[in-house]
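A short worksheet on the structure shown next.
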Amino acid sequence: MLLLYNGKISTLDPNNSEFSAIGIENGRILFLGSDEEGLKKNCSNKIDLQGKRVLPGFIDSHMHLIHYAFFSTNLVLFGQNSIKDIQEMVQKKIQEKKSYILGMGWNQAYLEEKRMITKDDLDTVSTEIPICLLRSCGHIASMNTKALEMVKTKGYHPDYEPLIDWDKGILREEANKLYMSILPDFTTEDIEELIRYSVSHLHKAGITSIHSDDFQTLPCDFEEIIKAYRSLEEKDELNIRVHEQCLFLYDKEFKRFIDAGYSTDKDGDSLFRLGPRKLLQDGSLGARTAAMREPYSDKDTLGILLLIKKP
């Protein structure tokens, strides 16, 4: 048994009980008590916590595990102060011989220009390499001319037309998923590597269980996502509990999911479990796509309703 002692062990039970020692074996807590009680036990390994606090693993109830890894390993734009700075970051990425540039994190409220990034801004950097930069909320994407050309030949559907401003290169809501048009195909092994990346970061933050939305992140079928998670679990490399929030943009995809026999009832004690179907009603406030009863004060729009009840 592993004994951690001389600490502050928070149980977070209804009485908010606290102990100084905890014993663990085969991933299970076998003992909670005082240092004196713990040190009397037969322990193969002992760690003096030196007064440090120990908390139960945290649960993140809303995240995008694969999305986080994918954009973290491409171009992170959170905290940038101007479009000029972002242009310079994109230019540096292009110099790394990238075949495409995909970034996320800009917020017009924090930019000196106080406006959305446009096609013209990105064309200034390159018209040869496809560039797509998602806003921090993930509900708007800005593309250069090359990326827009690729969108028109791959993945485009007429239903997206009201959500695309071709002149400014701005795509909203479901249309911004067309960023996948500029990406190469992803293998199961590629997806597994992204999952490993995120899990390592989650562990550093003390997170041991998550609820994640992953199906609409990469240019691959939802079954490849499921396969990657389960493959890692079979290899004992998942090391985190994942409840998948199943997002489908089209009912035909959801029907195929159900017809294939996927169900929360069949996942048992698996670390990877298929959870609820996720539905998106509208967008985000910052992107001006969240549905409102009255127009935004700075923009003549009521936002975008994605689910509309039909009579």
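Worth a mention:
- Scanning region 164-181 for residues being surrounded by fewer than 21 Cβ atoms within 10 Å (Cβ to Cβ) and in contact with a strand residue (DSSP E or B) (Cβ under 9 Å, 6 or more places away or on another chain) gives a total of 3.
- All strands (runs of 3 or more DSSP E) inside region 128-214 with 1 or more residues being touching a His at 6+ places or on another chain (Cβ under 7 Å), at negative phi and not polar (S, T, N, Q): 170-172, 207-212
- Applying the criterion of being open to solvent by less than 30 Å² (accessible area, probe 1.4 Å) and among the aliphatic types (A, V, I, L, M) to the residues of region 117-131, the residue that is farthest from the chain's Cα centre (by Cα) is V125.
Yes or no, residue by residue, for (1) open to solvent by 70 Å² or more (accessible area, probe 1.4 Å); (2) touching a residue at least 24 places away in the same chain (Cβ under 8 Å); (3) within 18 Å of A287 (Cβ to Cβ):
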site	(1), (2), (3)
L133	no, yes, yes
C137	no, yes, yes
A141	no, yes, yes
V151	no, yes, no
D159	yes, no, no
P162	yes, no, yes
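- Only a single item in (1) closer than 15 Å to N144 by Cα; (2) touching a helix residue (DSSP H, G or I) at 6+ places or on another chain (Cβ under 6 Å); (3) not β-branched (V, I, T) is not met by S99, and it is number (2).
- Candidates I117, I129, filtered to the one that is over 25 Å from R288 (Cβ atoms) and among the aliphatic types (A, V, I, L, M): I129
- Test: residue in region 1-17 that is touching a Ser or Thr at 6+ places or on another chain (Cβ under 9 Å), within 22 Å of A205 (Cα to Cα) and small (G, A, S): yes
- Selection within region 182-198: residues that are open to solvent by less than 60 Å² (accessible area, probe 1.4 Å) and out of contact with any strand residue (DSSP E or B) (no Cβ under 9 Å at 6 or more places or on another chain). The member of this set that is nearest to K152 (Cα to Cα) is F186.
- Residues of region 213-233 include at least one that is more than 19 Å from the chain's Cα centre (by Cα) and open to solvent by 20 Å² or more (accessible area, probe 1.4 Å).
- Hey, T145 of a type outside the set (D, E, K, R), more than 20 Å from V76 (Cα to Cα) and crowded, with 16+ Cβ neighbours inside 10 Å or not: yes
- Restricting attention to region 237-277, the residues being more than 19 Å from I191 (Cα to Cα), open to solvent by 40 Å² or more (accessible area, probe 1.4 Å) and either without any contact (Cβ under 8 Å) to a residue 60 or more places away in the chain or charged (D, E, K, R) (or both) number 18.
- Of the residues making up region 88-101, at least one is at pLDDT 95 or above, under 24 Å from the mean Cα position of the chain (by Cα) and outside any strand (DSSP E or B).
The values are calculated or read from the model by the stated rules, or taken from the named source; none is laboratory data. If you're wondering where the values come from, they're calculated on a predicted model, not measured in any experiment. Counting neighbours? That spans all protein chains shown, and the Cβs are built from the backbone with ideal geometry, glycine included. Heavy atoms of the whole protein, side chains included, go into the accessibility calculation; ligands, DNA and RNA do not. Shrake-Rupley method; radii C 1.70, N 1.55, O 1.52, S 1.80 Å.
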